Every structure is written in C-alpha cells, then in structure tokens.
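What follows is one structure encoded as structure tokens, with my remarks underneath.
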Amino acid sequence: MSDANDWTWIRLVALQHVSDGALPARRRIAWGAVGLAASYGAERYSHRRTPSVVERFTLRGHLLELGAETPDHLAADVLSETAMTAEEAAERAATAALPRSEVKVLREHRSITAVLDAVAPLVDDADLRERARRWVEVRAALP
C-alpha cells in the first residue's frame with residue numbers, strides 16, 4: 001500500500017461487507033478484521049487521526065452485534081480516546097463564543113463517542129456504564 005487512499009478504499013469495502021446482513025457472521029467478522037487492519041494502515045499514512053478512530057469504533061460496533069466484541073471493552077476503549085470528561089465537554093460547549101479550535105475538539109469528541117449510544121446500555125461494569133451514559137447525554141449539546 002502506498003498511501004492513505006489505498007487503505008481507505010480497503011477500509012470502506014470492509015465496512016460494506018461487515019454491514020451486509022446477507023453474509024454469514026463468520027465472513028462478516030473476517031471482513032471486520034480486514035477493516036480494522038486497514039484503519040490502522042490509513043492512520044499511519046494520514047495526518048487526520050480522528051476519522052480512522054471513529055471508523056474503527058464503528059466497525060467494532062458491528063462486531064459487537066456479531067458477538068465478536070464485548071460492550072465493556074469497546075466502551076473502555078472509546079472513553080480512553082477522550083481527552084476530557086463528559087462534564088468538561090458539557091462545560092466547554094456551554095461557553096458562549098468558542099474559538100474555532102475548541103469547536104473542532106468538541107466535534108471530534110462527539111464523533112468518537114457516537115458508538116456509545118448503542119453500547120452504553122449493554123455495559124456490565126456499573127462505573128464504566130455510568131461514564132458512557134454521561135457521554136451519551138452530553139453528545140446532544142456538543143457543537
């Protein structure tokens with residue numbers, strides 16, 4: 001592979017196959033592994049990390065539906081990608097005139113935590129579930 005576009009193409013094809021309910025689960029899970037590997041390859045050749053992270057979490061959300069991922073593990077990984085707590089994000093979002101750079105950071109957090117909408121209710125660990133739930137609530141207020 002020579003650049004991020006090659007990796008992105010593979011990643012998108014893999015996401016299509018993972019989402020294809022007509023394929024057997026085993027094949028969809030295999031495509032998920034291809035997509036995750038391609039996501040890391042694309043990130044290595046690109047300066048934009050957030051789209052790769054968001055797509056990885058989206059792929060892992062599909063793998064969760066197929067039983068190849070656990071809600072607790074996915075939620076923990078999503079929360080580890082955040083640079084602030086949900087409460088800090090809400091406080092920043094409530095600021096009247098945010099600088100453009102701050103709006104960008106909050107939008108990245110909104111994208112990164114999107115998978116928590118579906119995952120949070122499934123998390124077994126009470127503390128982790130509560131932290132994920134708070135992000136679900138805060139996301140609506142983020143720019």
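The values are calculated or read from the model by the stated rules, or taken from the named source; none is laboratory data. It should be emphasised that the depicted structure is a prediction, and the values quoted were computed from it without experimental measurement. Cβ sites come from the backbone with ideal geometry, for glycine too, and all protein chains shown count toward neighbours.
Out of the residues in the stretch 1-56 that are touching a residue at least 40 places away in the same chain (Cβ under 8 Å) and β-branched (Val, Ile, Thr), which is surrounded by the most Cβ atoms within 10 Å (Cβ to Cβ)?
Val18
Anything in the stretch 19-31 that is within 18 Å of the chain's Cα centre (by Cα) and at pLDDT 95 or above? List them, or say none.
Ile29, Trp31
Would you call Ala141 out of contact with any strand residue (DSSP E or B) (no Cβ under 8 Å at 6 or more places or on another chain), at pLDDT 95 or above, not assigned by TED's automatic domain parsing to the domain that holds His17 and not basic (Lys, Arg)?
No: the conditions fail for Ala141.
Which numbered condition trips up Lys104, out of (1) without any contact (Cβ under 8 Å) to a residue 12 or more places away in the chain; (2) crowded, with 19+ Cβ neighbours inside 10 Å; (3) not polar (S, T, N, Q)?
(2)
Of the conditions (1) assigned to a helix (DSSP H, G or I); (2) assigned by TED's automatic domain parsing to the domain that holds Pro121; (3) modelled with pLDDT of 95 or more, Arg92 satisfies every one except a single condition; which number is it?
Exception for Arg92: condition (3).
Only one of (1) in contact (Cβ under 8 Å) with a residue 40 or more places away in the chain; (2) in the same structural domain as Glu130 (by TED's automatic domain parsing) fails for Leu64. Which number is that?
Going through the list (1) in contact (Cβ under 8 Å) with a residue 40 or more places away in the chain; (2) in the same structural domain as Glu130 (by TED's automatic domain parsing), Leu64 breaks only (2).
I'd like to verify a number: residues in the stretch 107-143 that are acidic (Asp, Glu), part of a helix (DSSP H, G or I) and touching a residue at least 24 places away in the same chain (Cβ under 8 Å), how many?
Number satisfying all stated conditions: 2.
Would you mind finding the one in Asp125, Asp77 that is closer than 30 Å to Asp3 by Cα and surrounded by fewer than 18 Cβ atoms within 10 Å (Cβ to Cβ)?
Details: Asp125 fails: closer than 30 Å to Asp3 by Cα.
Only one candidate qualifies: Asp77.
Kindly establish whether Glu65 is among the charged types (D, E, K, R), modelled with pLDDT under 95 and within 11 Å of the chain's Cα centre (by Cα).
Details: among the charged types (D, E, K, R): yes; modelled with pLDDT under 95: yes; within 11 Å of the chain's Cα centre (by Cα): no.
The answer is no for Glu65.
Looking at (1) hydrophobic (A, V, I, L, M, F, W, C); (2) at pLDDT 95 or above; (3) more than 23 Å from Ala141 (Cα to Cα), which is the only condition Ile10 fails?
Here Ile10 clears every test but (2).
Count, please, the residues in the stretch 95-106 that happen to be farther than 23 Å from Arg60 by Cα and assigned to a helix (DSSP H, G or I). Write out each step before concluding.
Here is the first cut: in the stretch 95-106, the residues farther than 23 Å from Arg60 by Cα are 95-104.
Pick out the ones that are also assigned to a helix (DSSP H, G or I) and you get 100-104.
Within the stretch 95-106, residues that are farther than 23 Å from Arg60 by Cα and assigned to a helix (DSSP H, G or I) number 5.
Can you name every residue in the stretch 78-89 that is part of a helix (DSSP H, G or I), of a type outside the set (A, V, I, L, M) and within 18 Å of Phe57 (Cα to Cα)?
Ser80
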